[in-house]
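Written out below as structure tokens is the structure these notes cover.
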Amino acid sequence: MTLTELLLMMFGAILVENFIFSKFYGCCPFLGVSEKPDTALGMGMAVTFVMTLSGAVTWCVYTFLLVSFELTYLKTIAFILIIAALVQFIEMFLRKYIPALYSALGIYLPLITTNCAVLSAALLSIQNDYGFVETVCFCFASALGFTLAIVVFAGVRVRLRFANPPRAFRGFPLTLLAAGLLAMAFSGFSGMSFR
Amino acid sequence: MNWNAVLIPMGIFAGLGLVFGLILAIASRLFAVKIDPRVPQVMEQLPGANCGGCGYSGCAALADAIVRGDAKPTACTVCDAAATEQIGKIMGVETGKKVRRRAQIMCSGMGGNAHLKYRYAGAKDCIAAAKLGGGDKMCPNGCIGLGTCAASCMFDAIHMVEGAAIVDYEKCVGCGTCVTNCPKNLIELIPYDAKYWVGCRTALPGKITRTLCDAGCISCKLCVKTCEADAITVDSFGAHIDYEKCVACGKCVEKCPRHIIKSGEIPQKDA
């Protein structure tokens, strides 16, 4: 992959194949942690951090361990194990050495253990036969797309607070409708193809 | 049956688990951060509602702050006297008697008393309305009555009844969320058993208040003169009750020419 192709792939991962709006991965944090833009940004940063690192580690384990023992059919469970352990490790590391970041990420860090977007980023890069650098770039870009989506949506939700919808739409129904509309807006990118 | 097809993956996954387990075990030793044993103890006493009434992001953050000494052991507004005392014991300090407080909306302008500036037809939210010339009431300290306090209350203790925010004293825990959310700063936390309050927060001379509202405090000081306990003061403009001194005799209620010293039946319950 040349540098141009790499950049195009990253651009595609952020906008065209946005994890939330076109693939529907990571919807639970997307709906759960998008009440305020600053917490949404915190979640996005935490996901970016973990997704990039887990992409690198899972690629190594897959290529050097699972492929050589012909155990590729067990990659899902192996990746879950790796991500859970990695998140735990990162949490301990941050707590000791970067307490400021640790307290900023707060509860979101352990929540990422069960974030399907992280797992799917790792699985997708295997599916697409990416090399190490491409995997890391793909995971990073996907996480950026996730961050973009959650922050934009948090901005929408701040405005929704002033709305006066019919009683039946209050709360989550309206939130889901807004998410759907936002996804439709993002589908405008879907015509673009770089392959 | 090919046992290798089962044993090799099992072995590899056991190995993976073992390696990760070992790394984590070593890491937990290596990156160990000393946690004050009092933090989980205090945490146990806190209600765990994560309401944010104390000003921290949640109960865990407050427990941390109490142990660090940044917050007082009484900082939690929700937990009862027994739990507060327990926290005091853990911290080794005397907490004293905790006064349960409740929210009260200090305005009598509902029901057409307050004169209107314009007819507001925007979003049903006081903060949004306050952005438009300070709300629809002439009085700069008038309740807009769109229920931002009721919406902000996490304990379902404030309800809008005919344009007036009514506090359910039983449910109110005195967390103060409504106090910070009211754009007009009309809500005050007063002692739970306070029977009387001044239903006006005007900061203007009586003559002007009279033109703005039919029920505003005109700073006539009749209540000050009537009060035998010296509990009422009129600082610049608008009467205020000092609950440390108030003996709840109720004489001011009768004297007030604007009928804005109000009383409420407080359900008797241990604070």
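Compared with the dominant principal axis of the Cα atoms in chain A, helix A:37-61 is inclined by about 20°. Phi angles of segment B:243-252 translate, via the Karplus equation with coefficients 6.51, -1.76, 1.60 and θ = phi - 60°, into HN-Hα couplings of 6, 5, 9, 4, 9, 6, 7, x, 5, 5 Hz per residue; Gly and Pro are given as x.
Evaluate E = 1/(1 + (r/R0)^6) for B:Asn185 and B:Ser28, where r is the Cβ-Cβ distance and R0 equals 45 Å; express this FRET efficiency to the nearest 0.05. Calculated transfer efficiency: 0.40.
Contact order for segment B:38-91, expressed relative to its length and based on alpha carbon pairs under 8 Å spaced 6+ residues apart, stands at 39 percent.
Looking at B:Thr177, B:Val93, A:Phe189, which one has the Cα that reaches farthest to the positive end of the dipole of the protein assembly as shown (charges on Cβ: Lys, Arg +1; Asp, Glu -1)? Toward the positive end, the furthest listed residue is B:Thr177.
Each residue in B:Ile90, B:Ile218, B:Ile35, B:Ile144 was given a count of other beta-carbon atoms within 10 angstrom of its own, and listing them fewest first yields B:Ile35, B:Ile90, B:Ile218, B:Ile144. Peptide packing: for A:148-158, A:4-14, the average count of neighbouring Cβ atoms within 10 Å per residue gives the ranking A:148-158, A:4-14, highest mean first. Full extension of the chain between A:Leu41 and A:Glu70 gives 6.5 nm of extra length, using 0.36 nm per residue less the Cα-Cα distance.
Among the listed pairs B:Lys221/B:Lys245; B:Lys195/B:Lys251; A:Lys36/B:Lys184; B:Lys137/B:Lys184, those with a Cα-Cα distance over 21 Å are A:Lys36/B:Lys184. Taken over the protein assembly as shown, the percentage of Cα pairs per 20 Å bin, counting from 0 up to the bin with the maximum distance, is 19, 39, 29, 12, 2, 0. With neighbours defined as other Cβ atoms within 10 Å of a residue's Cβ, the residues B:Val78, B:Val198 order from fewest to most as B:Val78, B:Val198.
Once the Kirkwood radius over Cα pairs is known for segment B:101-263, the Stokes-Einstein relation at 37 °C and 0.692 mPa s delivers a diffusion coefficient of 205 µm²/s. Pair-distance distribution of chain A: all C-alpha pairs, bin width 10 Å, starting at 0; shares per bin in whole percent are 9, 33, 33, 19, 5, 1. Footprinting exposure proxy ranking of A:Phe172, B:Phe237, fewest other C-beta atoms within 10 angstrom first, gives A:Phe172, B:Phe237.
As a ratio to 2.2 N^0.38 Å, the alpha-carbon radius of gyration for segment B:38-91 is 0.92.
So what is the relative contact order for chain A, in percent, with contacts set as C-alpha pairs under 8 Å and at least six apart?
Worked out over chain A, it gives 43 percent.
Using a cutoff of 8 angstrom between alpha carbon atoms and counting only pairs six or more residues apart, the relative contact order for chain B works out to 15 percent. Just name one of B:Ile35, A:Leu3, A:Ser103: the one whose Cα is farthest towards the positive end of the charge dipole of the protein assembly as shown (beta-carbon charges, Lys/Arg +1, Asp/Glu -1). Of the candidates, A:Ser103 comes out farthest on the positive side.
Taking the Cα centre of the protein assembly as shown as origin and assigning +1 to Lys and Arg Cβ atoms and -1 to Asp and Glu Cβ atoms, the resulting dipole is close to 1340 debye. Taking every residue in A:69-79 and counting other chain Cβ atoms within 10 Å of its Cβ, the average works out to 2.
Around the amide H of B:Lys137, modelled in the peptide plane, lie the amide H atoms of B:Lys117, all under 5 Å away and 5 or more residues distant in sequence or on another chain.
Once the chain from B:Asp70 to B:Met1 is taken as fully extended at 0.36 nm per residue, the excess over their C-alpha distance is 18.2 nm. Computed over the protein assembly as shown, the per-residue total of -39500 (n - 2.57) for DSSP H runs of n ≥ 4 gives a 222 nm mean residue ellipticity of -14500 deg cm²/dmol, rounded to 500.
Any read-out appearing in this document is the output of simple, stated calculations on the displayed coordinates, not a laboratory observation. All values reported here derive from a predicted model rather than from experimental measurement. Note that we place each Cβ from the backbone using ideal geometry, even for glycine, and neighbour counts take in every protein chain shown.
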